[in-house]
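Participant: One structure is given below, represented as structure tokens, and several questions about it will come after.
The values are calculated or read from the model by the stated rules, or taken from the named source; none is laboratory data. These numbers were taken from a predicted model, which means no experiment stands behind them. Cβ placement follows ideal geometry from the backbone for every residue including glycine, while neighbour counts extend to all protein chains displayed.
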Amino acid sequence: MAVIPWTQILNAIPLAVAAAKSLRQFWATRPRPQPLDPAADPKAQIAQLEARIAALEAAEVEQTRLMEQMAEQMQAIARRVTIAYACGVAGVALGAVAVVRLFVA
């Protein structure tokens, strides 16, 4: 029977929380872009838009990495819970058999 690594599961939770907090902090503290000046040179506007797009793409990569980590952790927790549930059901079944044998014997 597989042993459930509760210490690993519990140690992974703060990592997910810290990653989520750092992502939230990134978005809360990032510098706000200046609005585009419609009268400005089109090349300057395009350069400013390219910088904004690059920042959004970098943030999207970070969000994707965080979501992947969280999904992996949830998958590991679900796997462990399934094993724990199966062990619990087996324990209840064995207990019921033992009680029946006590009264039948």
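Participant: Which one of these does Gly88 not meet: (1) modelled with pLDDT under 85; (2) surrounded by 10 or more Cβ atoms within 10 Å (Cβ to Cβ); (3) not aromatic (Phe, Trp, Tyr)?
Facilitator: Of the numbered conditions (1) modelled with pLDDT under 85; (2) surrounded by 10 or more Cβ atoms within 10 Å (Cβ to Cβ); (3) not aromatic (Phe, Trp, Tyr), the odd one out for Gly88 is (1).
Participant: Return the pairs, sorted by first residue and then second, in which the second residue is charged (D, E, K, R), the first residue lies in segment 30-47 and is part of a loop (DSSP other than H, G, I, E, B), the beta carbons are less than 8 Å apart, and the residues are 6+ apart or on different chains.
Facilitator: If the second residue must be charged (D, E, K, R), the pairs left are Pro33/Arg52.
Each row is one residue, and each column tells you yes or no for (1) over 20 Å from the mean Cα position of the chain (by Cα); (2) closer than 30 Å to Leu23 by Cβ; (3) part of a helix (DSSP H, G or I).
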{"residue": "Glu50", "(1), (2), (3)": "yes, yes, yes"}
{"residue": "Ala59", "(1), (2), (3)": "no, yes, yes"}
{"residue": "Gln63", "(1), (2), (3)": "no, yes, yes"}
{"residue": "Met67", "(1), (2), (3)": "no, yes, yes"}
{"residue": "Ala71", "(1), (2), (3)": "no, yes, yes"}
{"residue": "Ala84", "(1), (2), (3)": "yes, no, yes"}
{"residue": "Gly88", "(1), (2), (3)": "yes, no, yes"}
{"residue": "Leu94", "(1), (2), (3)": "yes, no, yes"}
{"residue": "Arg101", "(1), (2), (3)": "yes, no, yes"}
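Participant: Restricting to segment 1-49, and then to whatever is among the hydroxyl-bearing types (Ser, Thr, Tyr) and at pLDDT 75 or above, can you tell me which residue is farthest from Ile77 (Cα to Cα)?
Facilitator: Taking the candidates together, the pick is Thr29.
Participant: Specify which of the listed residues (Gln63, Gln73, Gln34) is touching a helix residue (DSSP H, G or I) at 6+ places or on another chain (Cβ under 9 Å) and either β-branched (Val, Ile, Thr) or loosely packed, with under 10 Cβ neighbours inside 10 Å (or both).
Facilitator: The match here is Gln34.
Participant: Name the pairs whose Cβ atoms lie under 8 Å apart, with the first residue in segment 63-84 and under 14 Å from Ile13 (Cβ atoms) and among the basic types (Lys, Arg), the second modelled with pLDDT under 80 and surrounded by 12 or more Cβ atoms within 10 Å (Cβ to Cβ), and 6 or more positions between them or separate chains?
Facilitator: Close Cβ pairs satisfying both conditions: Arg80/Ile4; Arg80/Pro5; Arg80/Ile9.
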